[in-house]
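J.: This is the structure I have questions about; it appears just below.
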C-alpha cells in the first residue's frame, strides 16, 4: 500500500508550490532549495552522510553498480527496498525526474561538480558538501542539520565524530612509536596510497605512519602502484587490505612470505559494511575504521571495547541494533 | 609499385644476408650467439631490481644453492625470496611472452604475406581481453580469469574464421575480413564490460591489466604454461622452412610438395594459441609482434628459416629490456604495455626509415 501511494504522493507534492529559500552551499555557491525537503538524491560520496541524517528522505541508492545485498542489514531500516538511481554521470536523468527528488547532493571537489549540469536540466537544486576528509564531517553534518531542519540530529552526529577524533588524537600523541602501515588497496595488493592522501588518512588517525616513501604531491599519489621488491625493502610492520581475497593471497603466496607484517601475523582486512571503514567511498565510517585500526596498532594504549563501540557507532549513525553475530560478521570479513 | 618495392627489399635482404653470412662464417654459429645473448639478458634481468642486492651476491647465492660457498641463513632466505620467488617468474614470463608474441607475429606476417600484420589480426587479443575483463567483473579467481582470457582468445579467432567461411572460400583476404569483424565485435563487448564494471573495484583492475603486467605470474603457473608456449614457439621455428616455400606463392609451394593448406592452418592455429596464452599470463602487450620481426628482418634477412627462431629470441630479449625499464624507471611500477609501445615507436620509425626509400620509388 505504501509503495502504491508513493508516486501519488510525489505527484501531489509537485502540485503544491513548495516554499523555497536561498542558501550558500559548502562550495560557496548560492542555491535555492525547498524549505522542506521531501526526497533527496545523494551522489556516491554524499550518500553515506544523507543515509545517516535523513534516511527517510533518501530517494534511492546512487551507485553505478547495484548495491551489495550484504550491506542492507547494516543500513537504516526501510532502505533495503529502495531503487538504484545510478551514480553521478551514469544516472539516468529521466529516471531521476520520475523519482520525484527535490534536492540533490554532490561534493565540493572541483572535478566532481560536472553532474550538476545534468541535474539542472530537470530543475533540481544541487548542494555541494564537504566529504573529502574526516575532519570536515562534523561541519558537514551541522550544515545538513540546518538544511533539513534537523539541527539536533546533525549536532549529535557531529559531536560523536568530534569525540572519537579527540580520543584518537590523544592516543596517537601518546604513542611512542608509530607502526608503519601499508594499505593494500587493489585486489593484487600492489596499488596503494601515498602519505597524506585523503584516501589513506585512517592510518594517521589511528596513530600509524604510511609505510610508502611518497607523499600526496607524488604523481598518481592516490593510485600508487609499487612492486614487491620495493615493498620488501620498505618492510611494513602492518598490512591493511581492502579485500579479504587480498589478505588470503598475501598470507599464502611465497612472494609475500618474507615481509615482517606477514611473519608476525599483522595482515588485516578492513571491515566494509555498510560502507567501507577505510575508504571508497570516503565516509564518516573512517572514524570507526581508525578506532578499529588503533586497537590493532596500539592495543595497550587505545583501550576500548571494540565490539561495544561498533554497536554504539552503528546505533548512533544508522539506528540499527546489531546482534553479536552481526558485529562478528563486520569485524571478521 | 609493389614490384619495385619488393625488388628493392629483396636486394637489400640479399646484401644483408651476404653480410650476415660473412660475419657468421667468421664467428660462432648464429644460433649460439643469440642463445648466449638471451641467457646473458636473463641473468642481467635477475640481477636488477628495487630490492637492494649487491651484484656479487647473485653468483654467491647460486653457488650456495648448489652447496658451494655459504651465505648467512637469513640473508639466503631473503635472496631466495627476491631472486627466485619475485624476479624469476617475471623474467621467465617476459621470455615466454616476448618470444611467443614475436614469433607468432613473424608467422602471421609470413602466412598473410603482409609486413603490417600482427598477432592480433584475427581477433585473438580482443577476444582474450574481453575474456579476462569478463572474469574480473564476475569476480572469479585469478586462475579462472586467465583461463577465460585464453578461451575467449581462441573463441574470437574461431568466430573470425567462421565469418570468413560464410563467404565460401578461405583466402587470406576473407580471413583478414573475418578477423576485423571478430576484433570489432570483441572490442565492443569489452567496452560493454568496462562500462558496467564497478568503477571503484573492477574497472581499475581491468584497465591496469589491459596495459600489460608481468607481475601476476608465479612459478607453478609459468611451469604449466611453458609447456604449450615453448612447444608452440619451437613448432613455429621448425615451420620456418615451409613458410619460405609459401612465400613463393601457393602454386609454387605446392609444386615443391609443400601441403599449403595444412601448413597455413598449423601456423595460424599455433600462433593463435601462443598469443592467446600471452594474454593469459601478462595482459595486453602491444607492438612486439609487429616490430620485432621487422628488426630481425633488417638484421638477418627475410628467410623465415632463420627469422622464426631469431624473432623468438629477440622478442624475449626485447621484453626483458622493456620489463627492466618498467620495474626501475620510476618509483611506481609502469605497466609494461606502455613501455613496449613507447619503446617500439622509435624502433619502428627507424625500421621505416631504412625501408622507405623502396616505398617512394615507383
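The values are calculated or read from the model by the stated rules, or taken from the named source; none is laboratory data. None of the values given here were measured: they were computed from a predicted structure. With ideal geometry, Cβ positions are generated from the backbone for all residues, glycine too; neighbour counts draw on all protein chains shown.
J.: Taking the conditions exactly as written (in the same structural domain as residue A:33 (by TED's automatic domain parsing) and at pLDDT 90 or above), does residue A:77 satisfy them or not?
T.: Answer is yes for this residue.
J.: Taking the condition of being touching a helix residue (DSSP H, G or I) at 6+ places or on another chain (Cβ under 6 Å) and either outside any helix (DSSP H, G or I) or surrounded by 22 or more Cβ atoms within 10 Å (Cβ to Cβ) (or both), how many residues in region B:141-160 meet it?
T.: 10
J.: Somewhere in region A:218-237, is a residue away from chain B (no Cβ under 12 Å), in contact with a helix residue (DSSP H, G or I) (Cβ under 7 Å, 6 or more places away or on another chain) and not in a loop (DSSP other than H, G, I, E, B)?
T.: Looking through region A:218-237, none of the residues is away from chain B (no Cβ under 12 Å), in contact with a helix residue (DSSP H, G or I) (Cβ under 7 Å, 6 or more places away or on another chain) and not in a loop (DSSP other than H, G, I, E, B).
J.: While we're on this one: Identify, from the list A:145, A:207, the residue that is touching a residue at least 24 places away in the same chain (Cβ under 8 Å) and on the phi > 0 side of the Ramachandran plot.
T.: A:207
J.: Here's a follow-up. Of the residues A:76, A:64, A:138, only one is touching a helix residue (DSSP H, G or I) at 6+ places or on another chain (Cβ under 7 Å) and in contact (Cβ under 8 Å) with a residue 60 or more places away in the chain; which?
T.: Details: A:64 fails: in contact (Cβ under 8 Å) with a residue 60 or more places away in the chain; A:138 fails: in contact (Cβ under 8 Å) with a residue 60 or more places away in the chain.
From the options A:76, A:64, A:138, the qualifying one is A:76.
J.: Given the options B:171, B:191, B:187, B:276, name the one that is away from chain A (no Cβ under 14 Å) and surrounded by 19 or more Cβ atoms within 10 Å (Cβ to Cβ). Walk me through how you get there before you give the answer.
T.: On the way: B:171 fails: surrounded by 19 or more Cβ atoms within 10 Å (Cβ to Cβ); B:191 fails: surrounded by 19 or more Cβ atoms within 10 Å (Cβ to Cβ); B:187 fails: surrounded by 19 or more Cβ atoms within 10 Å (Cβ to Cβ).
Just a single option satisfies the conditions, and that option is B:276.
J.: So, one more: What's the total number of residues in region A:238-266 that are within 23 Å of residue B:211 (Cα to Cα) and more than 7 Å from chain B (Cβ to nearest Cβ)?
T.: 5
J.: Of all the residues that make up region A:195-217, how many are facing chain B (nearest Cβ under 10 Å) and touching a strand residue (DSSP E or B) at 6+ places or on another chain (Cβ under 8 Å)?
T.: Result for region A:195-217: 2.
J.: Still on this structure, I have one more. Would you please name the residue that is surrounded by the fewest Cβ atoms within 10 Å (Cβ to Cβ), looking only at residues in region A:197-217 that are in contact with a helix residue (DSSP H, G or I) (Cβ under 9 Å, 6 or more places away or on another chain) and farther than 19 Å from residue A:270 by Cβ?
T.: Step by step, filter region A:197-217, then rank; the result is A:213.
J.: Output the helices (runs of 4 or more DSSP H) that fall wholly within region A:270-333 and possess 3 or more residues being at pLDDT 95 or above and crowded, with 24+ Cβ neighbours inside 10 Å, or say none.
T.: Helices (runs of 4 or more DSSP H) meeting the threshold: A:285-297.
J.: Output the residues belonging to region B:229-258 that are closer than 25 Å to residue B:91 by Cα and surrounded by 16 or more Cβ atoms within 10 Å (Cβ to Cβ).
T.: So in region B:229-258, the residues closer than 25 Å to residue B:91 by Cα come out as B:229-238.
Listed by number, the residues that qualify are B:229, B:230, B:232, B:233, B:234, B:235, B:236, B:237.
J.: Right, next: Kindly provide the set of residues from region A:155-173 that are buried (at least 20 other Cβ atoms within 10 Å of the Cβ) and over 22 Å from residue A:311 (Cβ atoms), ordered by number.
T.: If the condition is that a residue be buried (at least 20 other Cβ atoms within 10 Å of the Cβ) and over 22 Å from residue A:311 (Cβ atoms), then A:172 is the only one that fits.
J.: Sort out which residues of region B:55-79 are out of contact with any helix residue (DSSP H, G or I) (no Cβ under 7 Å at 6 or more places or on another chain), within 14 Å of chain A (Cβ to nearest Cβ) and either surrounded by fewer than 16 Cβ atoms within 10 Å (Cβ to Cβ) or closer than 26 Å to residue B:322 by Cβ (or both), and write them in order of number.
T.: Matches in region B:55-79: B:73, B:74, B:75, B:77.
J.: On to the next question. Given the conditions (1) touching a residue at least 24 places away in the same chain (Cβ under 8 Å); (2) assigned to a helix (DSSP H, G or I); (3) more than 17 Å from residue A:286 (Cα to Cα), and given that residue A:128 satisfies all but one, which numbered condition is not satisfied?
T.: Failed condition: (2).
J.: Looking at A:166, A:204, which one is assigned to a helix (DSSP H, G or I) and under 30 Å from residue A:231 (Cα atoms)? Before the answer, list the steps.
T.: Values: A:166 fails: under 30 Å from residue A:231 (Cα atoms).
Exactly one of A:166, A:204 is assigned to a helix (DSSP H, G or I) and under 30 Å from residue A:231 (Cα atoms), namely A:204.
J.: Still on this model: Which residue is surrounded by the fewest Cβ atoms within 10 Å (Cβ to Cβ), if the candidates are limited to region A:37-87 and must be in a strand (DSSP E or B) and within 14 Å of chain B (Cβ to nearest Cβ)?
T.: A:84
J.: Among the residues of region A:18-33, what is the count of those that are closer than 19 Å to residue A:110 by Cα and in contact (Cβ under 8 Å) with a residue 60 or more places away in the chain?
T.: Residues in region A:18-33 being closer than 19 Å to residue A:110 by Cα and in contact (Cβ under 8 Å) with a residue 60 or more places away in the chain: 5 in total.
J.: Let me ask you something else. Given the options B:227, B:263, name the one that is assigned to a helix (DSSP H, G or I), more than 24 Å from residue B:339 (Cβ to Cβ), modelled with pLDDT of 90 or more and touching a helix residue (DSSP H, G or I) at 6+ places or on another chain (Cβ under 6 Å).
T.: None of the other options fit; the residue is B:263.
J.: Restricting region A:174-190 to residues that are in contact (Cβ under 8 Å) with a residue 60 or more places away in the chain and more than 14 Å from residue A:302 (Cβ to Cβ), which is surrounded by the fewest Cβ atoms within 10 Å (Cβ to Cβ)?
T.: Among residues in region A:174-190 that are in contact (Cβ under 8 Å) with a residue 60 or more places away in the chain and more than 14 Å from residue A:302 (Cβ to Cβ), the one surrounded by the fewest Cβ atoms within 10 Å (Cβ to Cβ) is A:186.
J.: Just to be sure before I move on: is residue A:241 more than 25 Å from residue A:170 (Cα to Cα) and modelled with pLDDT of 95 or more in the structure I sent?
T.: It is true that residue A:241 is more than 25 Å from residue A:170 (Cα to Cα) and modelled with pLDDT of 95 or more.
J.: Still on this structure, I have one more. For residue A:154, only one of the following conditions fails: (1) touching a helix residue (DSSP H, G or I) at 6+ places or on another chain (Cβ under 9 Å); (2) part of a helix (DSSP H, G or I); (3) modelled with pLDDT under 95. What is its number?
T.: (3)
J.: Out of B:221, B:216, I need the residue that is within 14 Å of another protein chain (Cβ to nearest Cβ), surrounded by fewer than 23 Cβ atoms within 10 Å (Cβ to Cβ) and either modelled with pLDDT of 90 or more or not in a helix (DSSP H, G or I) (or both). Which one? I'd like the intermediate steps shown before the answer.
T.: On the way: B:221 fails: either modelled with pLDDT of 90 or more or not in a helix (DSSP H, G or I) (or both).
One residue alone meets the criteria, B:216.
J.: Now, a different point. From the list B:312, B:316, which one is modelled with pLDDT of 90 or more, within 10 Å of residue B:104 (Cβ to Cβ), touching a helix residue (DSSP H, G or I) at 6+ places or on another chain (Cβ under 8 Å) and in a helix (DSSP H, G or I)?
T.: Only one candidate qualifies: B:312.
J.: Select from region B:327-337 the residues that are in a helix (DSSP H, G or I) and buried (at least 16 other Cβ atoms within 10 Å of the Cβ) and list them in ascending order. Quick ask: steps written out before the conclusion?
T.: If we filter region B:327-337 for residues that are in a helix (DSSP H, G or I), which is where we start, we get B:327-328, B:336-337.
Scanning region B:327-337 gives B:327, B:336, B:337.
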